[in-house]
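A short write-up of the structure that comes next.
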Amino acid sequence: MPSLLGQRRGLAQCATPSGRFVVLALDHRQNLRRELRPDDPDAVGYAEMASFKVAVVEALAPVASGVLVDPEVGVGPAIAEGALPGGTGLIVAIEATGYEGPSTARTSRVLAGWSVAAARRIGASAAKLLLYYNPDSPTAGSQEALLTTVAQDCARQGLPLFLEPLSYSLDGSPLAGEDRRRVVVATARRLTRIGGDVLKAEFPYDAGADDEGRWTDACAELDEASRLPWVLLSGGLDDARFEAQVRVACDAGASGALAGRSVWADAARLAEPERSQWLATAGRDRLGRLAAIISEHGRDWLPRWLEAMTPDVPGEAWYATE
């Protein structure tokens, strides 16, 4: 068993000193176009998206333990323009946006021209793979094979992998209630035994439901199912509801959150200089509140990761065999 030094170091770079993940998620592409121009998303070009991402990263990265960005629009400008502090973890998406195939049998794919090795070369602390998944879908096997391939690529590069499954129904209807819980939990149980270092999980119950007892039970079931440390994704929720879900998830065993639109979406509807002013005040306050919740309620990622990975302690001449 390898010592997994690169993976451990990369995850530590993305976490707080106490081992919690407070990650700003900004890998959005199509969703960002819709936030910037709801009436005409196709009119949003590269320069407008890049400018927005740089502004968000510059304002909010100092409050975050890590930042998740995409290779197409986000990571190049964020590094080149000095928006990303050197001490902040950098997670880079590997997948192409969207999916192939029908909505009831979805297939993810790696972005053409991009790779885990390329992410390592530009200084990433970790990679992220979004995987559309339903354990009963006819594409489940091919999606599992993609995860295996990307996880193996990450292992070769010594780069940790954040695994982000996105669930869907097989009949085209919204995945809700107990069906959502079943799919999210079964997905965590199956995929975290195939590959990855951290599970970036959907909330395992309806976002609109106000039954905190069911929230708690569902999160406890998700915690039991996941072999890996896990964090919660925001999924476009408003900030107040996402904060409530993060608290419940962390009490159940989560190690933090990757927060996207719940933190920065309101800024997309503002022009400069109001946008930067909002990010520096309300945006920072939102991410700061999440950080406080995660610090108080979250679980250190390291013990669970060590239990899952059981890395060797490097001995004499370890470098000759890595």
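The values are calculated or read from the model by the stated rules, or taken from the named source; none is laboratory data. Please read all numbers here as calculations on a predicted model, not as lab measurements. Neighbour counts are summed over all protein chains in view; Cβ atoms, including those assigned to glycine, are modelled from backbone coordinates with ideal geometry.
Taking TYR46 as the residue in question, decide whether it is over 14 Å from the mean Cα position of the chain (by Cα) and over 21 Å from ALA267 (Cβ atoms).
no
Scanning region 5-36 for residues that are part of a helix (DSSP H, G or I), basic (Lys, Arg) and in contact with a helix residue (DSSP H, G or I) (Cβ under 7 Å, 6 or more places away or on another chain) turns up ARG33, ARG34. In region 166-188, the residues that are over 18 Å from ARG106 (Cα atoms) reach residues that are of a type in the set (Gly, Ala, Ser) and buried (at least 18 other Cβ atoms within 10 Å of the Cβ) with C-beta atoms within less than 8 angstrom, at least six apart or across chains, in these pairs: ARG181/ALA218; VAL185/ALA218; VAL185/ALA225. The set of residues from region 243-296 being of a type in the set (Val, Ile, Thr), touching a Lys or Arg at 6+ places or on another chain (Cβ under 8 Å) and closer than 20 Å to ASP210 by Cα comprises just one member, ILE293. Contact map, region 44-73: residues that are closer than 22 Å to LEU290 by Cα paired with residues that are among the acidic types (Asp, Glu) and not in a strand (DSSP E or B), Cβ distance under 6 Å, separation 6+ or inter-chain. Pairs shown: VAL54/GLU81; LEU68/ASP27; VAL69/ASP27. Among the residues of region 91-109, just one is touching a strand residue (DSSP E or B) at 6+ places or on another chain (Cβ under 6 Å), touching a residue at least 60 places away in the same chain (Cβ under 8 Å) and surrounded by fewer than 24 Cβ atoms within 10 Å (Cβ to Cβ), namely ARG106.
Looking at region 254-295, which of its residues are part of a loop (DSSP other than H, G, I, E, B) and within 17 Å of the chain's Cα centre (by Cα)? Scanning region 254-295 gives ALA254, SER255, GLY260.
Residue check: is ALA267 modelled with pLDDT of 95 or more and either of a type in the set (Lys, Arg) or closer than 19 Å to ALA83 by Cβ (or both)? Yes: the conditions hold for ALA267. Residue count for region 270-309 under the criterion of being within 14 Å of THR16 (Cα to Cα) and of a type in the set (Phe, Trp, Tyr): the result is 1.
The residue that is surrounded by the most Cβ atoms within 10 Å (Cβ to Cβ), among those in region 110-160 that are assigned to a loop (DSSP other than H, G, I, E, B) and among the small types (Gly, Ala, Ser), is ALA124. Figure legend. Inter-residue proximity from region 251-268: first residues over 17 Å from CYS14 (Cβ atoms), second residues of a type in the set (Ser, Thr, Tyr), beta-carbon distance below 6 Å, spacing 6+ or different chains. Indicated pairs: SER262/SER234.
Quick one: would you say TRP230 is under 30 Å from PHE52 (Cα atoms), touching a Leu at 6+ places or on another chain (Cβ under 7 Å) and surrounded by fewer than 21 Cβ atoms within 10 Å (Cβ to Cβ)? In short, no. Condition check for LYS200 on (1) at pLDDT below 95; (2) in a strand (DSSP E or B): one failure, at (1).
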